[in-house]
1. Taking only pairs six or more apart or across chains, which ones have beta-carbon atoms under 9 Å, a first residue in region 186-215 that is under 17 Å from LEU141 (Cα atoms) and surrounded by 10 or more Cβ atoms within 10 Å (Cβ to Cβ), and a second residue that is of a type in the set (Asp, Glu) and at pLDDT 80 or above?
2. If I ask for residues that are loosely packed, with under 12 Cβ neighbours inside 10 Å and over 33 Å from the mean Cα position of the chain (by Cα), which ones from region 49-85 would you list?
3. Applying the selection to region 6-28, what residues are more than 15 Å from LEU103 (Cα to Cα) and either modelled with pLDDT of 75 or more or surrounded by 12 or more Cβ atoms within 10 Å (Cβ to Cβ) (or both)?
4. Condition first: surrounded by 13 or more Cβ atoms within 10 Å (Cβ to Cβ) and outside any strand (DSSP E or B). Can you find one or more residues in region 153-169 that meet it?
5. Of all residues in region 134-152, how many are surrounded by 14 or more Cβ atoms within 10 Å (Cβ to Cβ) and without any contact (Cβ under 8 Å) to a residue 24 or more places away in the chain?
6. Just name the residue that is modelled with the highest pLDDT out of those in region 48-67 that are part of a strand (DSSP E or B) and among the small types (Gly, Ala, Ser).
7. Here are LEU149, LEU201, LEU141: which of them is at pLDDT 90 or above, over 22 Å from PRO17 (Cβ atoms) and not small (Gly, Ala, Ser)?
8. Which numbered condition in (1) touching a Ser or Thr at 6+ places or on another chain (Cβ under 7 Å); (2) at positive phi is the only one that ALA177 fails?
Amino acid sequence: MLRVTRGALVEYGLTLPPLVLMFELNPEMLTRTRTVTVRTGTAPGTRGGYDFVLPTDTPRVAQGISVQPETLSIDVMFDATDRMSNGDAIASLHGVLPELDTLRAMIEPKAQGPGGVQTLASLGVGEPRAFQRQESASVLLFVWGDHVLPVFLTSIRVEEKAHLPSLVPYRATANLAMQVIEGRNPFYLFERVRGLASAALNTGQASFDFARKVFF
């Protein structure tokens, strides 16, 4: 039996309608990618960076680095079969179409209207002033386990697996690609603190294991 857990995408902002998406995901299918571009030294006789001896020398080995934001890729599942079997009227009529439409609304550009409320830019109901007509991507909170990451949804790919007689899908999978919003926002700062605390646990355990092998 496939082991799944619950996840969520929550739009962080004043939006109409408020967008929240709950889903099942397979933890084995979550991919996290970070890319670092290193500009190494070009001193004669060196390859891949300047020479160094002491730990205090290492900052100049790479004269500068460019760190790209972390990206995430996950596969999520939408299935209305159980709800349909239990007599859920919405699922019986619409299948998983409401979830898929929520996903599409999350990736569509938004325009700011009165009071800071955001609506789909394609509806053309934003303020007429130029600075408020600007379209922007939704800031989303990706929640799974004890992680809450602020992200932009950068791509979606949906595969509809089964349909009702009306051709409305009642089972679908979606591949979601996201870019983490790294900066001094409270969600990312909390994630960094959580990550450092977790890394400290690993360092302590590794040091203990090393000492035990060397001295005992």
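1. Hits for this filter: TYR188/GLU182; ARG192/GLU182; ARG194/ASP146.
2. Within region 49-85, the first condition is being loosely packed, with under 12 Cβ neighbours inside 10 Å, and the residues that meet it are 51, 53-57, 59, 64-67, 82, 85.
Correct list: ASP51, VAL53, LEU54, PRO55, THR56, ASP57.
3. So in region 6-28, the residues more than 15 Å from LEU103 (Cα to Cα) come out as 6, 13-14, 26-28.
Within region 6-28, ARG6, GLY13, LEU14, ASN26, PRO27 meet the criteria.
4. Narrowing region 153-169 to residues surrounded by 13 or more Cβ atoms within 10 Å (Cβ to Cβ): 153-154, 156, 158, 160-164, 168-169.
Those left that are additionally outside any strand (DSSP E or B): 164, 168.
Yes.
5. Total satisfying the criteria: 0.
6. Of region 48-67, the ones part of a strand (DSSP E or B) are 62-67.
Adding the requirement that they be among the small types (Gly, Ala, Ser) leaves 62, 64, 66.
Details: ALA62: 73, GLY64: 72, SER66: 85.
Applying the filter and picking the extreme gives SER66.
7. Details: LEU201 fails: at pLDDT 90 or above; LEU141 fails: over 22 Å from PRO17 (Cβ atoms).
Among LEU149, LEU201, LEU141, only LEU149 is at pLDDT 90 or above, over 22 Å from PRO17 (Cβ atoms) and not small (Gly, Ala, Ser).
8. ALA177 satisfies every listed condition except (2).
The values are calculated or read from the model by the stated rules, or taken from the named source; none is laboratory data. Bear in mind that the values here come from a model prediction, so they are computed numbers and not experimental data. Because the Cβ atoms are built from the backbone with ideal geometry, glycine has one as well, and the counts that use them run over all protein chains shown.
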